[in-house]
1. Here are the criteria: (1) open to solvent by less than 30 Å² (accessible area, probe 1.4 Å); (2) over 30 Å from residue 438 (Cα atoms); (3) modelled with pLDDT under 95. Tell me which single one residue 353 does not satisfy.
2. Six or more apart or on different chains, Cβ atoms under 6 Å: show the pairs whose first residue is in segment 779-794 and part of a loop (DSSP other than H, G, I, E, B) and whose second is hydrophobic (A, V, I, L, M, F, W, C) and at pLDDT 65 or above.
3. With the checklist (1) under 22 Å from residue 616 (Cβ atoms); (2) crowded, with 24+ Cβ neighbours inside 10 Å; (3) touching an Asp or Glu at 6+ places or on another chain (Cβ under 8 Å) in hand, flag the one item residue 435 doesn't pass.
4. Give the residues of segment 586-616 that are closer than 25 Å to residue 435 by Cβ and of a type in the set (Asp, Glu), sorted by residue number.
5. Got at least one residue in segment 332-348 being open to solvent by less than 20 Å² (accessible area, probe 1.4 Å) and touching a Lys or Arg at 6+ places or on another chain (Cβ under 8 Å)?
6. Are there helices (runs of 4 or more DSSP H) fully within segment 1-87 with at least 3 residues that are in contact with a helix residue (DSSP H, G or I) (Cβ under 6 Å, 6 or more places away or on another chain) and among the β-branched types (Val, Ile, Thr)? List them.
7. Going through 527, 540 one at a time, which residue ends up being open to solvent by 20 Å² or more (accessible area, probe 1.4 Å) and modelled with pLDDT under 90?
Amino acid sequence: MPLLERESAMASLVEYAREAYAGEGRLVLVSGEAGIGKSSVVEEVAARLAMELPAARWAWGMCDGLFTPRPLGPLFDVADELGGELLRLCRAQAPRDELFTALLRQASVPGRLNVIVVEDLHWADDATIDLVRFLGRRLRSLAVLFIVTYRDDGLAPEDPLRIALGDLSMQRWTRRIGLAPLSPRAVGLLAGDTGLEPTALHRLTGGNPFFVTEVVRSGAAAVPESARDAVLARVAVLGGAAREVLDVAALVGARLDPGLLTSVADGPPEALDELVTSGLLVGDGTGLRFRHELARLAVEQAIAAHQTGGIHARILTGLRAAGGDDDAGMAYHAEGAGDATAVLEFAVRAARRAAELASHREAGAQYQRALRFAGGLSLVEQAQLHDALTFELSLVDRWEEAADAARHAGELWHAAGDRRREGATLRLLSAAMTSLCRGDEALAAAERAVATLDPLGPSPELAWAYSNLAAQFMLTNRDTEAYDLAERAYAVADALGLHEVRGDALITRAGSVRATNRAWPDAGLKQALEIALEHGLHEQAGRAYTNLHGLLCDERRHAEAEPYYLAGVAYCDEHDATTFGTSLRGERANTLVRTGRWDEAAAICQRLLDHARASPINTITPLANLGILHARRGTGDALRHLDEAVDAADGSAEPQCIMRVRLLRAEAHWLAGRLDDARADAECADDVADGSHAWIRGAVADWLRRTDSDRPPRGAVAEPYRLGLDGDWAGAARHWLDLGCAYEAALALLDADDEDALRRAVSILTELGAAATARVARHHLRSRGVRSIPVGPRTATRAHPLGLTRREHEVLDLICAGYTNAEIARRLVIAVKTVDHHVSAVLAKLGASTRTIAAAEAARLGLVETGRR
């Protein structure tokens, strides 16, 4: 049947192919619901380009949603077509980095168009999503057209694919094509002279091309009750042998081997011919496949439940006889057949290979499958499976399940009498409790791990247990104990040559030195980073970058912190150290809030929050920052965010977290005039302030003063806070401005009796968009009898469709005209640093990652007032 209402999409794909052929690589994201015609569009474009670019080389890979996928299944499909080094490495089970690099080399031959298609990416395993990231980031100057198709309905906000596509869509060489349902007119054209009523047909199918064509092909005299009925109507006319082969095919998977089908179903070759003639199966290279997954699903659901086990058993036997190497598929059929021995064999093997390829969701699913059949194993074997499951689940932030698996493993190791493994599992349980913001339980598990392992003498498990407990002590401000225990961890690790533990212990020791008055910690952190980078320890390198950046930011040394953020984020993204990539972005958001770049901070925090719900510890920073920005701006439900952040922080039992979010909620209460609530939060922060550094103690003292608490400051505080506490509001404001912290400068100015200072505070707060805080400043002015007070943001700013201030719109015009930041600063007679902030705000409000994208978006929205120079 013809492809109706798809000409625009196909023309775009052809144009992108031409651009790629010219050396401007393109990643094209083709989306739409199941059956909307994504594959048909790509196949039609391939046929058209065969005439225009006959030397183009196409390679196709497919994700399979029938069972827990084989990691990198699409890459293996592509390798079968490309052959060469990539196929050799696949057969040798090479590490995934080698596989990725080999694919990039073979798929980017200059002088011809190279096309890679990955279909049904919504079913992709973790490693395949990483492969798409890897290729998508490297297409810029290659003659490569990379097309991925996926269903965009039903993707949860935290789905790894949605996150990956969000990242990739920001690249200027990425293009999107969304396919919409057919119009009633197109449905009528497809119905033709069948006698089917077009309006009823459109209502039944929702304009879905697959459903429409199935109903038309079924030969029904009237529109059936469902499109599934239309598929089964075609199945009903098949001969018995063909139907038996079709049932087998429905349980085999996406790609079908004709020999396997006929041997398992014991049917004649003519049965396959009948299925192809019916249109239910179509040719796919040397094999077959269902015309659409929806057709396969309809057939599968129609198989009687009592028959599926026998079919799975025959498929498993056939795959074994054929020397099948897809352990994931074999495990699926073994489970369907109820064959416990085969499940344990293939699921465990599939899990281990998935883990090697960093497909951790799939590895976890295979270990869970194995555990469903593990009742006959020994205690040790069951414990080993639970340990492996704990580790894999922890890597994908499924912390509740990881904690349950760790508890089961610990009980099994205890029952088996293996104290060393019991202690190691307790450390894993401690890590899970930390991520779940159950700090008391995390500390208890860490102490039990050390108590269990200490009597057994030095071992890798003991070194890790020492290092983990040291980190728990550090997080709870028990810095002297943390330092000493980190030293012990380092000594054991050094003697055993455990570089990862050495680096971990150095980071913890460095994080403890400020409070123990030993030294500034950067030397120890840099040493830890060197160890991690030298030995390829990705998680430890991520932790070192995070701590270096965070400690410098704590000291408001933002310029020094910046290189560690940039290098750290790049490293974590490249090496999949997602936990620390998240932490770095969270600290970055803190810095952006402090330095007045609030739109950027909000964008980062919302993105973190969308992706971090499964790991409560990672929600604290984005929730707190979004909450305080709402409070200062007088928008949204500030307390909803802040209350959730406080609950998580209190559960973590980490004083630094508790103090920060309590102080932010104190400020929100203060802005709303709830002084008693504000004071209560400030005093809660003070309750856990022992052992804190001077900057956080200064913040606590400042909010105790602002909320009229009778508690005195405790210990030394950082300089700008000291100036404010001493009544030197002007000195405090200057100091804050020198640090780039305009909001804190405005708060300092609120302590003045001077009208000019208060007007300056109003001006700063208005420029920042802190409407609620500006109202407090105006109240101060009115209470002093001042009239003619500025009333808030300019009408033009409020009315602007993107919320751009007048100054930001001027900056946008000059960006579109091609001026650099330095040139913009000269034209507007403002500081380059101020321009930097304006440019960042403009990019955030336009949702653009680069100046080029911002200019294009501004042109699209009709916001540009100047042409390029």
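The values are calculated or read from the model by the stated rules, or taken from the named source; none is laboratory data. These figures come from a predicted structure and were not determined experimentally. Don't worry about glycine lacking a Cβ; one is built from the backbone with ideal geometry, like all the others, and counts go over all protein chains shown. For the accessible areas, the whole protein counts, side chains as well, though only heavy atoms, and no ligand, DNA or RNA atoms are used. Shrake-Rupley method; radii C 1.70, N 1.55, O 1.52, S 1.80 Å.
1. Against the list (1) open to solvent by less than 30 Å² (accessible area, probe 1.4 Å); (2) over 30 Å from residue 438 (Cα atoms); (3) modelled with pLDDT under 95, residue 353 comes up short only on (1).
2. Filtered contacts from segment 779-794: 789/781; 790/762.
3. If we test residue 435 against (1) under 22 Å from residue 616 (Cβ atoms); (2) crowded, with 24+ Cβ neighbours inside 10 Å; (3) touching an Asp or Glu at 6+ places or on another chain (Cβ under 8 Å), just (2) comes out false.
4. Those that are closer than 25 Å to residue 435 by Cβ and of a type in the set (Asp, Glu): 587, 610.
5. yes
6. none
7. On the way: 540 fails: open to solvent by 20 Å² or more (accessible area, probe 1.4 Å).
Criteria check complete, one pass: 527.
Okay, residues lined up against (1) open to solvent by less than 60 Å² (accessible area, probe 1.4 Å); (2) under 30 Å from residue 329 (Cβ atoms):
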{"residue": "14", "(1), (2)": "yes, no"}
{"residue": "19", "(1), (2)": "yes, no"}
{"residue": "29", "(1), (2)": "yes, yes"}
{"residue": "49", "(1), (2)": "yes, no"}
{"residue": "52", "(1), (2)": "no, no"}
{"residue": "68", "(1), (2)": "yes, yes"}
